[in-house]
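Take a look at the structure set out below.
The values are calculated or read from the model by the stated rules, or taken from the named source; none is laboratory data. Since this is a predicted model, take the numbers as computed values, not measurements. Note: ideal-geometry Cβ built from the backbone for every residue, glycine included; neighbour counts use all protein chains shown. We work out accessible area using only protein heavy atoms, side chains counted, and drop any ligands, DNA or RNA first. Shrake-Rupley method; radii C 1.70, N 1.55, O 1.52, S 1.80 Å.
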Amino acid sequence: SGLAEHAEPGGGAATDLDEEVDAGVKAAAKPAPVARLNEQIILNVIKKNYPGLARCLTTFEADLPAQTGTVKLRMTIGSAGKVTGAQSELAGHPVGRCLETHARTIRFPAHKDKEVSFVLPVQYSKR
């Protein structure tokens, strides 16, 4: 059958088939895409990554148009989970560019839709 055997520490014999099975198990350990990115999945990922977005608001506080408010950030997530598009309503200002740059570093689970887009309202209150 062509299975090559070699001695294993501990006295047992291993075959190339064992190595193939091990490789298959490792490949199977990679998570399968979720069917859809639902609101709960998106919110959980955003919550984990919110400190970076908040840092943009404090670092570039002078760019914010009012004492308190919301900056809308439109995000598009490709099927691999990578943010393929991020556009802030303050895109022409450093705070908007910071939000867009940080948003593009966020990773979501792979999913079966071609892409998912949503608008994230990022609330702020100047100190």
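Sort out which residues of region 76-92 are within 14 Å of the chain's Cα centre (by Cα) and surrounded by fewer than 20 Cβ atoms within 10 Å (Cβ to Cβ), and write them in order of number.
Just the residues of region 76-92 that are within 14 Å of the chain's Cα centre (by Cα), to begin with: 76-86.
Residues satisfying the conditions are T76, G78, S79, A80, G81, K82, V83, T84, G85.
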| query | If you take the residues in region 72-94 that are out of contact with any strand residue (DSSP E or B) (no Cβ under 8 Å at 6 or more places or on another chain) and small (G, A, S), which one is farthest from K48 (Cα to Cα)? | reply | G92
| query | Taking interchain pairs and intrachain pairs at least six residues apart, which have beta carbon atoms under 9 angstrom, with the first residue in region 95-112 and closer than 11 Å to N49 by Cα and the second part of a helix (DSSP H, G or I) and β-branched (V, I, T)? | reply | I106/V45; I106/I46; R107/V45; F108/I41; F108/I42; F108/V45
| query | Across region 32-68, what is the total count of residues that are under 14 Å from F118 (Cα atoms) and β-branched (V, I, T)? | reply | 4
| request: Would you check if there is a residue in region 93-113 being of a type outside the set (A, V, I, L, M), out of contact with any helix residue (DSSP H, G or I) (no Cβ under 9 Å at 6 or more places or on another chain), open to solvent by 80 Å² or more (accessible area, probe 1.4 Å) and in a loop (DSSP other than H, G, I, E, B)? | output: yes
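So that you can scan it fast, the table gives a plain yes or no per residue for (1) open to solvent by 90 Å² or more (accessible area, probe 1.4 Å); (2) out of contact with any helix residue (DSSP H, G or I) (no Cβ under 6 Å at 6 or more places or on another chain); (3) at pLDDT 85 or above:
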| position | (1), (2), (3) |
| --- | --- |
| A29 | no, yes, no |
| A35 | no, yes, no |
| K48 | yes, yes, yes |
| L57 | no, yes, yes |
| F60 | no, no, yes |
| T68 | no, yes, yes |
| Is it true that some residue in region 52-74 is free of Cβ contacts under 8 Å to residues at least 40 places away in the same chain and closer than 28 Å to P33 by Cβ? | no
| task | For region 37-46, name all the residues that are open to solvent by less than 80 Å² (accessible area, probe 1.4 Å) and either of a type outside the set (S, T, N, Q) or closer than 13 Å to Q123 by Cβ (or both). | result | L37, I41, I42, L43, V45, I46
| said: Quick check on my filter: what residues within region 96-125 are touching a strand residue (DSSP E or B) at 6+ places or on another chain (Cβ under 7 Å) and closer than 15 Å to C56 by Cα? | reply: G96, L99, E100, A103, R104, I106, L120, P121, V122, Q123, Y124, S125
